[in-house]
Every structure is written in C-alpha cells, then in structure tokens.
Amino acid sequence: MSATPEQAAEVLRRGELILLPTETVYGLGADAGDPKAVASVFAAKGRPQFNPLIAHVASLEAARVIGQFNEAAEALAKAFWPGPLTLVLPVADRSHVCDLARAGLDSVAVRVPAHPLAQQVLAALGGPVVAPSANRSGRPSPTTFADAAEETGAAVGAAVDGGPCDVGLESTVVSVLDDRVALLRPGAVTRRQIEAVVGPLHESGEGHRSPGRLTLHYAPDAPVRVEATEARPGEVFLGFGPGVGDPRWSLSPSGDPQEAAANLFRLLRAADREKPAGIAVSPVPSEGLGEAINDRLRRAAGYVG
Ligand code: TXA
Ligand code: MG
C-alpha cells in the first residue's frame, strides 16, 4: 500500500527509511542529517561506506544551504532543476548532510528532483533527504514501485508509489569543484546539454573521483553481453530499432533512445526473472542519451572503470 508524502515525512522524522519515487529511478530515502538513519541506508543496500549519497532538496535556495555554488553551478542549476542533474559541490553547512552521507568528503552531491511526490515529501519534511537508488548494491536500479519494493521494501517504514519512473536512468552527476566542471556519471541530461550551458567539460579521468563508479554495477544475475546481433541458445535478446528481435523484449522498437532509457532497467530485471543462460543486448547508438545507456550496459556486462 502506498504511503502519502506526509506519512513518509513522518517516518523520516522517526529515523526510518522510505521508498521515494523520482523522475529517474526509485530512491531509498533517509533524513540526511540523521547519521543512524543514514547508516541503515548503507546497511539495507549492502553499500560500502566510502560511496557517498545524493542529498535531495526542494529548491535551489535549499541547495545553497548545503553546497557552495559558483557561477557555473548556478547556471547549471537554473537550466536543469528541478530535474535529473546532480551537482557535486564544495560542502557549505556540514550539519545538514551528515559526514557519513558524504563519506567524509569535503564535497556534497545535491539535486532537486522534479517528481511531484518527491517534491511533496521534501516540503513536508522541510529538510534534505539522502536517496541512493533503491536497489541492493551492484544490481539494476528499480524504475517501478514493484521493483523497488522487491529490492529494499523490507527495510522501509513507508513506501510511496509514484508509478513507473519517466526517465528510467539515474541523474547525470557533474562536479563543479576548483572552477572545473566535469562529468562524473552520464545520465538523463546529456553531455551536449551540459556543454551548451557551461562550455567544454574538463576531461581528465575525473569519473574516478566518483567513488560509486569503482565497483561492478547495474548487473542482473544472468551474464550480460552487449553489442549482440542475435541471441545464442538460452539467451534473452533485447533489441533496439525496427525489426530487431521480439518487440516484447525490445528497448525501443522504433529506435528511440528516450524510450530505450525508460525501458532499460525494467527489461534487464524482467529478463533476469526468466533465469536465462544470458542476456544479449543489441547495439544502441551512443549519441545523446545513448552515452548513459551504453555506460549502464557496459557496467552491467562487467566492464568497470
Ligand atoms: O537519479 C539519481 O541520481 C538517483 C535518484 C534516487 O535520485 N539516485 C542515485 O543515487 O542514483 P546513487 O547513490 O545510486 O548514485 C550516486 C552517485 C554515486 O556514483 C556516488 O559515488 C556519486 O553519486 N557521488 C555522491 N556524492 C559524491 C561526491 N561528493 N563526489 C563524487 N561523487 C559523488
Ligand atoms: Mg545507484
């Protein structure tokens, strides 16, 4: 049964966890200022404590309390918030997002989600909510209420049903530190959209500064094979584009990257339930949203780094 945003905020105040719908994926939420609650997020996910969490806030104004915004950060926030962009910034007030949530770093990840139910939970709580994707560590993120409940539902005091997530891929993570803007995780906001606001991104293997990028990720139980042209015996084949594979198992029968993003994790999870010998995925062009789709697929297939 779905909790109301007010009930969810009450549960957060008691130091318990919630399932939180966002426009990207479902999150496992806790009061960002409560170290005990935050510790139970790491425990429920089986997440290493060196991997920091994203603080979700209701507005740019609320984000300014937590992180330090320079001109580039302001411009990105104004262009993409509320929405699927996370900014990694020098930390401002340390008390609002506890040390454990930041993994002890001097930076903090912050985002303003667009989903109305997430907004209502944040308004009802009146403070930041840390919310990693609601999967157990290493597995594909949940993009439906049922998938979220299956992953970490047992650990929460309230679960808010927001239906299927619109975007289906996690937010783009961009760091704005030392006057350098770098892409740490490709996501729903594309590289080109970011560069249209702040100019060329800083390239220097900066992705390795995002601790969450160092481990195997997004992986179903079945082995994943990318850039596949057809299924081998016992494999489920996820196609992309007209006439490629069974339409029921297609990321997008019309070849639309946005549709493929929205279907990616749901289909990986559904394919895994068939207990196949493997999951083969046809090539997806890497322009635009395709960069994030291919990033998740490569990681699901075990290519890390
Ligand atoms: O769309 C999303 O971002 C979802 C929804 C629920 O908002 N959340 C999400 O959180 O994907 P999570 O914890 O699964 O991914 C957060 C990523 C990790 O790769 C983490 O390492 C990185 O953000 N991160 C967080 N704080 C950081 C920091 N201070 N410096 C560098 N990377 C950071
Ligand atoms: Mg995650």
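The values are calculated or read from the model by the stated rules, or taken from the named source; none is laboratory data. As the structure is a prediction and not an experimental result, all values here were calculated from the model. Note that we place each Cβ from the backbone using ideal geometry, even for glycine, and neighbour counts take in every protein chain shown. What goes into the accessible areas is simple: the full protein's heavy atoms, side chains included, and nothing from ligands, DNA or RNA. Shrake-Rupley method; radii C 1.70, N 1.55, O 1.52, S 1.80 Å.
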Original post:
Is it true that ARG248 is without any contact (Cβ under 8 Å) to a residue 12 or more places away in the chain, open to solvent by 30 Å² or more (accessible area, probe 1.4 Å) and under 19 Å from ALA300 (Cα atoms)?
Top reply: no
Subject >> Filter result for THR4 (of a type in the set (S, T, N, Q) and within 16 Å of ligand 2 (Cβ to nearest atom)) >> reply: no
Original post:
Taking the stretch 20-57 on its own, how many of its residues are away from ligand 1 (no atom under 12 Å from the Cβ) and open to solvent by 10 Å² or more (accessible area, probe 1.4 Å)?
Top reply: 10
**OP:** Quick one: count up the residues across the stretch 58-87 that are within 11 Å of VAL112 (Cβ to Cβ) and polar (S, T, N, Q).
**Re:** 2
Subject >> For VAL173: the one exception among (1) more than 19 Å from ILE66 (Cβ to Cβ); (2) within 16 Å of ligand 2 (Cβ to nearest atom); (3) open to solvent by 10 Å² or more (accessible area, probe 1.4 Å) >> reply: (1)
Subject >> Check on LEU267, in contact with a Leu (Cβ under 9 Å, 6 or more places away or on another chain) and open to solvent by less than 20 Å² (accessible area, probe 1.4 Å) >> reply: yes
Original post:
So which residues in the stretch 171-188 are assigned to a loop (DSSP other than H, G, I, E, B) and over 10 Å from LEU87 (Cβ atoms), if there are any at all?
Top reply: ASP178, ASP179, PRO186, GLY187, ALA188
**OP:** Sort out which residues of the stretch 126-157 are buried (at least 24 other Cβ atoms within 10 Å of the Cβ) and either among the hydrophobic types (A, V, I, L, M, F, W, C) or away from ligand 1 (no atom under 13 Å from the Cβ) (or both), and write them in order of number.
**Re:** VAL129, VAL130, ALA131, ALA134, ALA148, VAL156
**OP:** Take the stretch 158-174 and flag every residue that is among the aliphatic types (A, V, I, L, M) and more than 11 Å from ligand 1 (Cβ to nearest atom).
**Re:** ALA158, ALA159, VAL160
